[in-house]
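What follows is a single structure, written as structure tokens, with notes after it.
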Amino acid sequence: MKKIHNKKKDIPIQIATFVAKFPAMIDTNANVLLIYTGGTIGMVENPETGALEPFNFSHLRSNMPEIKRLNFNVDTQLFDPPIDSSDVSLEKWRQMVHVIEEHYDRYDGFVILHGTDTMAYTASALSFMLENLTKPVILTGSQLPIGKLRTDGKENLITALEIAADKDADGYPVVPELCIYMQNLLMRGNRTTKVNADNFSAFNSPNYPCLAETGLDIRYNHRFILPPDYNLPVCFNYKMDRNMVIMKLFPGISREAVRAHLTVPGLRGVVLEAYGTGNSPINPWFMDMMHEAVARGIVVVNVTQCLYGSVEMHRYENGQRLEKIGVISGYDITTEAALAKLMILFGQGKTPAEVNRLMPVALRGELTVRGLANR
Ligand code: ASP
């Protein structure tokens, strides 16, 4: 399989050249690269405004002497400046992938420290940008800064590092997937969504079992982990198309609002957040506008507004009408993953017909087609 696009040279990397080496107590062979992008975990309180602001990695390091006690090697790479994840962008995703590509051969696993606000978007995007992944890439962060006594950051970080370093008896990584680890749960990244702004358990994987749960031990759910094909070379996909919208339906949505979404200049794809099993109003103006958009080659993917469950457009007349005009089922995919998938498929130069064909197919275990063991 060939590399789709490697924009390595055109990427303005803002990563500090500083590399900190944590001495390992026991010399095992595992090497993990810790990539610090920002987020609450490393933030400090601005004494004047009381707001949390990104701070530099030395703050995180001085609050985490525990890392020195790990029995494998951890090196670090920093985003300079670190960001609040609300500022994440396609460019930042490329920078993350670029760091992984540059260091892919030298490390057994990667941990990305990232703010929780957009972590599910980043996890989804990276899962598609990294193709034929054979090593763990674990995103984690925290709800409380690492310097706070009750921080959730320490456990999240230490366990994420351990998971990234874990190998099976044959020396293969236990979880060669793009994951989020938060509050005792390891989840496939493109299955996650942020569900809580306050609690330490900020993420949920509503439609797919967790890949591991941690307590006294790390208990892996091996049968839910995707086995990679080690014969295929890993590919780093950098090209993404940003010409997408998310249109969430609500009772009373106006013609103007729907039109505004569907007539965005350059629009290629729409994530339609519909009701229940994928239903929408069927009044003529709505159906005409949707039909006209599909006829113009815009790919419309139907995802459910519900946290749990799947789109099944055949169930109700309202869903069937959408199906008839060419709206595609996203089954149980999250909004975040549907968006990222549209961005990557169009970014790879695929035609609307090809994107329509691939959206309901699981490329990275991001969806399950009802009735099929499609994971
Ligand atoms: N605003 C922060 C961020 O996403 C919140 C967090 O880290 O949890 O960067």
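The values are calculated or read from the model by the stated rules, or taken from the named source; none is laboratory data. If you're wondering where the values come from, they're calculated on a predicted model, not measured in any experiment. Cβ atoms come from the backbone with ideal geometry, glycine included; neighbour counts cover every protein chain shown. What goes into the accessible areas is simple: the full protein's heavy atoms, side chains included, and nothing from ligands, DNA or RNA. Shrake-Rupley method; radii C 1.70, N 1.55, O 1.52, S 1.80 Å.
Any chance segment 52-68 includes a residue that's at pLDDT 90 or above and among the charged types (D, E, K, R)? I'd like the intermediate steps shown before the answer.
So in segment 52-68, the residues at pLDDT 90 or above come out as none.
Within segment 52-68, not a single residue is at pLDDT 90 or above and among the charged types (D, E, K, R).
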Task: Met343 vs. criteria crowded, with 18+ Cβ neighbours inside 10 Å, touching an Asp or Glu at 6+ places or on another chain (Cβ under 7 Å) and free of Cβ contacts under 8 Å to residues at least 40 places away in the same chain - done: no
Open item on the list: Here's a check for you: in segment 151-172, which residue that is open to solvent by 40 Å² or more (accessible area, probe 1.4 Å) and not in a loop (DSSP other than H, G, I, E, B) is farthest from the ligand (Cβ to nearest atom)?
Closed with: Lys167
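Yes/no matrix, rows are residues, columns are (1) free of Cβ contacts under 8 Å to residues at least 24 places away in the same chain; (2) open to solvent by less than 10 Å² (accessible area, probe 1.4 Å); (3) touching a helix residue (DSSP H, G or I) at 6+ places or on another chain (Cβ under 6 Å); (4) among the charged types (D, E, K, R):
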residue	(1), (2), (3), (4)
Phe128	no, yes, yes, no
Asn132	no, no, no, no
Leu149	yes, no, no, no
Cys179	no, yes, yes, no
Leu185	no, no, no, no
Ala197	yes, no, no, no
Asn221	yes, no, no, no
Task: Of residues in segment 346-368 being over 19 Å from Gly309 (Cα atoms) and of a type in the set (Val, Ile, Thr), the one surrounded by the most Cβ atoms within 10 Å (Cβ to Cβ) - done: Val355
Open item on the list: Among (1) farther than 22 Å from Ser205 by Cβ; (2) touching a residue at least 60 places away in the same chain (Cβ under 8 Å), there is one condition Ala51 misses while meeting the rest; what is its number?
Closed with: (2)
Open item on the list: Just checking, does segment 82-97 include any residue being small (Gly, Ala, Ser), modelled with pLDDT of 85 or more and crowded, with 18+ Cβ neighbours inside 10 Å?
Closed with: yes
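With respect to Met247, is the statement that it is open to solvent by less than 40 Å² (accessible area, probe 1.4 Å) and either in contact with a His (Cβ under 8 Å, 6 or more places away or on another chain) or free of Cβ contacts under 8 Å to residues at least 24 places away in the same chain (or both) true?
Values: open to solvent by less than 40 Å² (accessible area, probe 1.4 Å): yes; either in contact with a His (Cβ under 8 Å, 6 or more places away or on another chain) or free of Cβ contacts under 8 Å to residues at least 24 places away in the same chain (or both): yes.
Yes, satisfied.
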Task: Contacts under 8 angstrom Cβ, first residue in segment 77-101 being more than 21 Å from Glu336 (Cα to Cα), partner polar (S, T, N, Q) and part of a helix (DSSP H, G or I), 6 or more apart - done: Phe79/Gln95
- [ ] Kindly list the number of the only condition in (1) in contact (Cβ under 8 Å) with a residue 24 or more places away in the chain; (2) open to solvent by less than 60 Å² (accessible area, probe 1.4 Å); (3) touching a strand residue (DSSP E or B) at 6+ places or on another chain (Cβ under 9 Å); (4) within 30 Å of Gly349 (Cβ to Cβ) that fails for Arg268.
- [x] (2)
Task: Pairs, first at positive phi in segment 272-298, second surrounded by 15 or more Cβ atoms within 10 Å (Cβ to Cβ) and part of a loop (DSSP other than H, G, I, E, B), C-beta under 6 Å, six or more apart - done: Gly278/Val311
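Answer with yes or no whether Arg242 is more than 22 Å from Ile163 (Cβ to Cβ), open to solvent by 10 Å² or more (accessible area, probe 1.4 Å) and among the basic types (Lys, Arg).
Values: more than 22 Å from Ile163 (Cβ to Cβ): yes; open to solvent by 10 Å² or more (accessible area, probe 1.4 Å): yes; among the basic types (Lys, Arg): yes.
Here the answer is yes, as Arg242 does meet what is asked.
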Task: Failed item in (1) open to solvent by 50 Å² or more (accessible area, probe 1.4 Å); (2) touching a Ser or Thr at 6+ places or on another chain (Cβ under 8 Å), with His314 passing the rest - done: (2)
